[in-house]
Amino acid sequence: MPNLEQNSDTFLQQLDDLMLPASLEEAFEAYRFDLLRKVCESQNENQLSWYLHEINQLHADAEPAPSFSETFDPFLRLHHGTSHCPPSTLIVLPPLPSTIVRGGIILPSALLGIVEGDIFALGSRLEMYEEAEVNMLARIATAALVDQRDFSDRKSAIEYIATNASQKLKQSLLSDQSFWSSVPRRQVEFPDMVSERRKQLASCDLFNPPLSENELECFADEEIREQTRDIRVMALSPKIRHLSFCRSCLNKFARWQTDLARFHQLAENSSSGRYNA
Ligand SMILES: [Zn+2]
């Protein structure tokens with residue numbers, strides 16, 4: 001059980017960060033959020049808010065992005081189907097806007113104008129920033145985009161940040177389906193996040209007593225069928241705590257409960273029909 005003295009919101013937040021991924025998208029997002037957290041942990045909250053504010057000011061007429069993970073979105077809001085794939089360690093993503101712009105792909109002059117305008121605007125806003133601060137913002141962008149890019153100078157870092165944060169550029173690119181079907185995708189390999197999360201759960205101090213090997217393993221289908229039969233059976237399961245951090249098992253339990261309720265309803269309808277006949 002969780003330590004009772006812990007604030008439940010904090011506990012849930014920490015638990016959210018350790019959830020076992022149930023799909024390829026969740027596995028990749030778990031890796032991306034870990035990278036982003038690691039880069040951001042050296043900065044204080046005010047500094048991070050200020051960086052985000054500077055980027056949001058580039059799109060003052062749009063809804064401000066609430067976080068770096070949304071500002072620098074590697075999925076580009078394209079339908080990618082990875083939420084239905086099982087977790088793995090390789091994902092295929094749209095190319096980054098900065099790769100498109102730098103890669104010699106011919107863009108309409110209106111789009112190039114948007115990119116140049118955003119780069120100029122960000123450069124002006126960051127004029128008073130130290131070199132190290134611009135580098136930090138670029139590192140936040142590469143972490144959020146799960147990109148390996150390094151920057152040799154301030155100019156290339158600002159170009160990268162502005163291009164990948166540009167909402168107008170993304171919207172214009174996304175509206176052209178024929179363009180997207182012709183550009184090469186990028187492949188990203190990343191660690192096995194299911195196994196990583198299991199290790200982190202085993203050693204975290206959220207549970208007292210610590211989780212056992214058995215509790216870290218997913219429920220077999222037969223176990224789920226048996227335990228959804230009666231909530232008392234489920235409550236007494238020696239590995240009930242598994243459900244607090246495994247979305248995949250939670251979903252399976254929910255599906256079985258729905259199926260069971262439907263079955264009972266059908267049985268009831270059929271027996272009342274018989275008596276009414
Ligand atoms: Zn599970």
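The values are calculated or read from the model by the stated rules, or taken from the named source; none is laboratory data. This one's a predicted model, so the numbers in the text were calculated from it and none came from an experiment. Using ideal geometry, Cβ is built from the backbone for each residue, glycine included, and neighbour counts are taken over all protein chains shown.
Listed here are the residues, each with its yes/no results for (1) in the same structural domain as Ser67 (by TED's automatic domain parsing); (2) farther than 18 Å from Pro74 by Cα; (3) aromatic (Phe, Trp, Tyr).
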{"site": "Tyr129", "(1), (2), (3)": "yes, yes, yes"}
{"site": "Glu133", "(1), (2), (3)": "yes, yes, no"}
{"site": "Ala143", "(1), (2), (3)": "yes, no, no"}
{"site": "Thr163", "(1), (2), (3)": "yes, no, no"}
{"site": "Lys168", "(1), (2), (3)": "yes, no, no"}
{"site": "Val183", "(1), (2), (3)": "yes, no, no"}
Of everything in segment 10-54, what is β-branched (Val, Ile, Thr) and either within 16 Å of the ligand (Cβ to nearest atom) or within 20 Å of Phe72 (Cα to Cα) (or both)? Give them in sequence order.
Val39
Assuming Lys155 fulfils every condition listed in (1) more than 30 Å from Ala22 (Cα to Cα); (2) part of a loop (DSSP other than H, G, I, E, B) apart from one, which condition is it?
(2)
Tell me, which helices (runs of 4 or more DSSP H) wholly within segment 164-277 include 1 or more residues that are within 16 Å of the ligand (Cβ to nearest atom) and surrounded by fewer than 17 Cβ atoms within 10 Å (Cβ to Cβ)?
193-203, 213-216, 221-227, 247-276
Of all helices (runs of 4 or more DSSP H) completely enclosed by segment 59-138, which ones contain at least 1 residues that are at pLDDT 90 or above and hydrophobic (A, V, I, L, M, F, W, C)?
68-71, 109-125
